[in-house]
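Input: a single structure, listed below in structure tokens.
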Amino acid sequence: MDLILQKYEVVIGLEVHAQLNTLTKMWCNCEILKSAYENTKICQVCTAQPGALPVLNKQAVQLAVLTGLAHGATIHEQSSFDRKNYFYPDLPKGFQITQFYRPICTDGALEIELKSGEKKLIAINRIQMEEDTGKSTHFGDYSLINLNRCGVPLIEIITGPDMRSAEEATTYLKNLHANLVFLEVCKGNLQDGNFRCDVNLSLRPLGSTKFGVRTEVKNLNSFKHVEQAIHYEIQRQGALLMAGEAVEQQTLLFDAEKLVTKVLRSKSNADDYRYFPEPDLPQIKLPAALIKQWEKLIPELPMAKKSRFVRDYQLPVYDASLLCDEKELSVYYEQCVTLYPNGAKKIANWILSELLHYLHEGHLTIEKSPITVQAMGELITLIDEGVISGKMAKEIFPMMFDEKKMPKNIVEEKGLVQSNDGDKIVEILKELIALHPKEVEELKGGRDRVLGFFVGQVMKKMQGKANPQLTTDLLKKLLELPT
Ligand SMILES: [Zn+2]
């Protein structure tokens, strides 16, 4: 790999197909329902019965426009649909309706930030609307076709050849994915094929401005597979070029088990799809006022939210990124902070360590969290007011999670209230000081670690209920140490 990268530059462009989050299909009223039985969400239009005519879904247009606006694209007041002609059994019309000549959005961009801190702008050349095909499932000597997906609205988001490594490509994809989910344009479930990616990759000698021959790896539906496919293609193409052989222009599929690409078809220069304007659909005309109105629907996007969390809540960048990874998680966090404004950092810690850990173990999403925003706020309040220690809170947490109880109730039931009885603590400390002169000397000599020994002993005598901070303060006072 290193040898290849010393001689060649990697050039990557990406095409993402995102399924639009609409209730019904692109040209008919058939419901989009993942769990539906095969061939039950179909009608004359999406099965291409003779004479059936398409009617455009307005919601799909709105979602495409929101995507364009969120990425600074030009939204065209006029755009139109075209037919891409080819035969495949899961495409009953014999053509796919797409936007070839006049897409709805062009010239957008997305900024990515790499691990090194370097920022880079990736051009989004076009966003076009199109329909999905049905699905073929192949068995031994026969195949079954399910047309439920036929006519489901998609947008295809096409970048320029701007990326130079797997890291740049996957960072772009993760950011784009997060944006689409925050915009509620796409559900973004990768395993359901809501967000699929084609990788175009070529190599060229370092310093060259001419592009090399590229291959296209189709239909990747995981960020990991994108990374693996890119690494494989760099090595495969690099080995060919180093041996003086030519790279062939091909369409490839990635085998996720063997981690190799396989040839799907070899391309002569352009597949001939005989694109022509779709005669059954009028042009889309978007009044500028409508675009302006839709623009107001754009929420705060993850990158902006992350920066705001760092600025407003003084969170480390890493914590803010984790919280903004998922829209619902960021909402949960902010609701907690609203309820308990002084605990921004502590709440982040409890969510990122304890809560996510238990959610993960229970295979739950944050929306299904048994610990409500109110319960989380109450827990932080109890710690802050000194009613319970952090250690006690960790013991209570699984009970809150499993039994969906409020922390105050658990504290009362279990008699877990932390003792702030200074007199009692002083009494125990005095006994301990008398019993452990050696440790006292060490502490006076500056060995702060011995503090833990005394606090631990007090805890033991008080069944873990002593307030550790109060104990430490009282001990220092008794020994006349600086606090
Ligand atoms: Zn239909």
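The values are calculated or read from the model by the stated rules, or taken from the named source; none is laboratory data. Here the structure is a predicted model, which is why all the values come from computation and not from measurement. Don't worry about glycine lacking a Cβ; one is built from the backbone with ideal geometry, like all the others, and counts go over all protein chains shown.
A few comments on the model shown:
- Considering residues of segment 75-87 that are buried (at least 18 other Cβ atoms within 10 Å of the Cβ) and assigned to a loop (DSSP other than H, G, I, E, B) only, the residue nearest to the chain's Cα centre (by Cα): H76
- The one condition in (1) under 31 Å from the mean Cα position of the chain (by Cα); (2) not aliphatic (A, V, I, L, M); (3) not in a loop (DSSP other than H, G, I, E, B) that D90 fails to fulfil: (3)
- The set of residues in segment 359-392 being over 30 Å from the mean Cα position of the chain (by Cα) and either charged (D, E, K, R) or in a helix (DSSP H, G or I) (or both) consists of T381, L382, I383, D384, E385, G390, K391, M392.
- Subset tally (residues that are in a loop (DSSP other than H, G, I, E, B) and either within 48 Å of the chain's Cα centre (by Cα) or small (G, A, S) (or both)) for segment 424-483: 10
- Qualifying positions in segment 45-55 - touching a residue at least 40 places away in the same chain (Cβ under 8 Å) and either of a type outside the set (G, A, S) or crowded, with 21+ Cβ neighbours inside 10 Å (or both): V45, C46, T47, L53, P54
- Hey, D132 away from the ligand (no atom under 16 Å from the Cβ), farther than 17 Å from P302 by Cβ and crowded, with 17+ Cβ neighbours inside 10 Å or not: no
- Positions within segment 21-73 being assigned to a loop (DSSP other than H, G, I, E, B), farther than 20 Å from Y88 by Cα, within 15 Å of the ligand (Cβ to nearest atom) and of a type in the set (S, T, N, Q), in sequence order: T22, N29, T40, N57
- Check on R274, farther than 30 Å from V337 by Cα and either in a loop (DSSP other than H, G, I, E, B) or among the small types (G, A, S) (or both): yes
- Cβ pairs under 7 Å, 6+ apart, first in segment 426-441 and within 16 Å of T471 (Cβ to Cβ), second of a type in the set (S, T, N, Q): L432/Q457
- Considering segment 23-40, and only residues there that are closer than 20 Å to T137 by Cβ and of a type in the set (V, I, T), the residue that is surrounded by the fewest Cβ atoms within 10 Å (Cβ to Cβ) turns out to be T40.
- Filter result (loosely packed, with under 14 Cβ neighbours inside 10 Å and free of Cβ contacts under 8 Å to residues at least 40 places away in the same chain) within segment 397-425: D402, E403, K404, E412, E413, K414, G415, D423
- Pairs, first closer than 20 Å to T22 by Cα in segment 56-76, second of a type in the set (F, W, Y) and modelled with pLDDT of 95 or more, C-beta under 8 Å, six or more apart: L56/W27; N57/W27; Q62/W294; V65/W294; L66/W294; L69/W294
- When F81, F87 are checked against the criterion of being of a type in the set (F, W, Y) and either within 16 Å of the ligand (Cβ to nearest atom) or closer than 28 Å to H138 by Cα (or both), a single residue qualifies: F87.
- Qualifying residue in segment 285-306 (condition: exposed (fewer than 14 other Cβ atoms within 10 Å of the Cβ), more than 27 Å from the chain's Cα centre (by Cα) and in a loop (DSSP other than H, G, I, E, B)): yes
- Close pairs from segment 22-38: first within 16 Å of D192 (Cβ to Cβ) and free of Cβ contacts under 8 Å to residues at least 40 places away in the same chain, partner of a type outside the set (G, A, S) and away from the ligand (no atom under 12 Å from the Cβ), Cβ under 8 Å, at least 6 apart: E31/L23
- Residue-level analysis places A246 among those that are surrounded by fewer than 15 Cβ atoms within 10 Å (Cβ to Cβ), among the small types (G, A, S) and either in contact with a Lys or Arg (Cβ under 9 Å, 6 or more places away or on another chain) or not in a helix (DSSP H, G or I) (or both).
- Strands (runs of 3 or more DSSP E) fully within segment 103-173 counting 3 or more residues that are among the aliphatic types (A, V, I, L, M): 105-113, 119-131, 153-159
- Residue, nearest to the ligand (Cβ to nearest atom), within segment 142-163, restricted to residues that are more than 22 Å from K84 (Cα to Cα) and among the hydrophobic types (A, V, I, L, M, F, W, C): L144
The rows are residues; the columns are (1) modelled with pLDDT under 95; (2) within 22 Å of E131 (Cα to Cα).
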position: S202; (1), (2): no, no
position: V217; (1), (2): no, yes
position: N221; (1), (2): yes, yes
position: Q250; (1), (2): yes, no
position: K258; (1), (2): yes, no
position: K267; (1), (2): yes, no
position: I284; (1), (2): no, yes
position: E295; (1), (2): no, no
position: M303; (1), (2): yes, no
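- Checking K7 against (1) over 29 Å from the mean Cα position of the chain (by Cα); (2) more than 10 Å from the ligand (Cβ to nearest atom); (3) without any contact (Cβ under 8 Å) to a residue 60 or more places away in the chain, the condition it does not meet: (3)
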